[in-house]
Structures are given as structure tokens and as C-alpha cells.
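Comments concern the structure below.
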């Protein structure tokens with residue numbers, strides 16, 4: 001069985017390959033690809049494998065982008081940390097998932113599930129239709145608008161207009177491009193789960209920043225980063241040393 005692994009963490013990819021070979025020595029891992037662009041290039045020059053193992057967050061975007069750009073008519077087993085609703089989408093479409101960190105027993109069950117369905121796979125066009133439906137179901141319903149209470153009114157605020165979200169003295173505030181500031185009835189943790197990760201980044205415990213409102217980034221003490229935004233911030237926005245590289249990687253997407 002020919003498979004490819006789409007995973008940007010080399011250690012994770014190598015562990016997955018080792019476990020696959022331990023499960024079945026006849027499995028051939030044709031390639032390990034770490035980015036959407038690398039995967040696109042590979043598919044343009046190589047025959048389709050029998051099975052794909054794919055992470056969701058890659059070095060240059062989400063794997064959803066890849067599967068929208070090319071015709072995939074083979075099963076995909078995603079590596080995911082998505083909520084239960086996404087997992088149900090996989091199960092209803094006979095596409096399995098692996099919850100990180102992957103263990104060999106779970107991986108073996110996924111391979112066995114694929115083998116059971118292999119003889120019953122339908123024609124390529126319908127398979128592709130199923131794949132597109134699963135992808136659309138998996139894409140999280142990110143918030144586009146948030147409702148805020150202001151005096152005796154409820155005001156809809158477009159999140160694309162929010163330059164900064166921050167906590168202060170136990171409350172959470174939205175700082176808008178037009179200089180308005182609203183308090184919301186959410187925690188940063190609750191908001192983070194519903195915000196588009198392509199647009200918003202949790203810089204630290206106090207701040208979530210919108211990439212469209214980042215003015216510049218400075219190197220700070222002890223390999224930290226200092227963010228300057230186009231909207232007013234109540235304090236310095238400092239990205240920790242641990243988050244510095246993921247943040248810069250996110251900015252380049």
C-alpha cells in the first residue's frame with residue numbers, strides 16, 4: 001500500500017512512518033510533505049497514493065486549502081485536535097481521524113478500517129464529492145460578528161474591524177479601528193476558540209492580536225518579541241520566547 005504523510009513536524013512524521021511500517025512492512029511511504037505548496041508540487045508530478053495521512057495546520061496554511069485545489073479521490077486520515085463535531089463529520093463519511101499524540105494501537109485501527117472499506121470504495125467522482133463535503137463540514141464556523149452591550153443597545157461589531165482583544169482587571173475588551181472600545185461578556189479563552197486562526201493570534205495571556213492591525217515587530221529582551229499595533233493598546237504587547245517562532249511563522253502565512 002502506497003501512502004504519503006502530510007505533516008510539518010518532522011519528528012511526528014517520522015514516528016508515524018515508523019509505526020506504519022511496524023503495522024505492515026509492505027506499506028510504502030512515498031513522501032513526507034511539510035507544507036501546502038510542497039504537497040501541491042508533489043501531486044503535480046506523482047501518481048496518487050492509495051491513502052493519505054494529513055495534519056491540518058501546516059507550515060504555510062491549512063491542509064483544507066490543498067484538498068480544494070486538487071482532485072483527491074483517495075481516503076484521507078487527518079491528524080486533528082478538532083472538537084467532537086468535526087470528528088463526527090469524519091465518521092459519517094467513512095474517513096477516519098487520528099487524535100494527536102498518535103499511538104500505534106489507534107493507528108492500526110485506522111489502517112484496518114481503511115482496508116475494510118477498500119473493496120467497497122465507490123467511483124472516483126463520488127469519492128471526491130464526499131471529500132469536499134467532509135472538508136466543508138470540518139471547517140470551523142468562525143465568528144464574523146460579535147454582539148456587544150452598549151448602554152441600552154446591542155451593537156453588532158465585525159471582527160475584521162477589531163484590531164486588538166485584551167483583558168484588564170477581570171474584563172475583556174475589543175479595541176476597534178475607529179478607536180471605539182467595547183467590553184464583552186466572554187473570556188479570552190472562549191473567544192480564542194471561535195476566532196479565525198488565520199486572522200487572530202493569542203500573543204500572551206492578556207492579548208489577542210489581529211494580523212491586519214500589526215504595524216511592526218521588534219526583538220525584545222530574552223528572545224521575546226514586542227508588537228506595535230495600529231490601534232491603541234493599554235500596555236506593551238509582548239510575545240513570549242516560546243511563542244515567538246510560532247508567531248513569526250503565522251505572520252508569514
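Coordinate-derived values only; no laboratory data. In this text the structure is predicted, and so the values were computed from the model without any measurement. Backbone-built Cβ (ideal geometry, glycine too); neighbour counts: all protein chains shown.
Extending 7 Å from Cα along the Cβ direction at residue 143 and again at residue 47 yields two label points whose distance is 5.0 nm. As a proxy for reagent exposure, ranking 54, 18 by other Cβ atoms within 10 Å from fewest up yields 18, 54. Between residue 199 and residue 177, the FRET efficiency estimated from the beta carbon spacing at R0 = 22 angstrom works out to 0.95. Note on residue 161 and residue 249: the model spin-label points, each 7 Å out from Cα along the C-beta direction, lie 3.5 nm apart. Semi-axes of the equivalent ellipsoid of region 145-251 are 24, 13, 13 Å, computed as sqrt(5λ) over the eigenvalues of the C-alpha gyration tensor in descending order.
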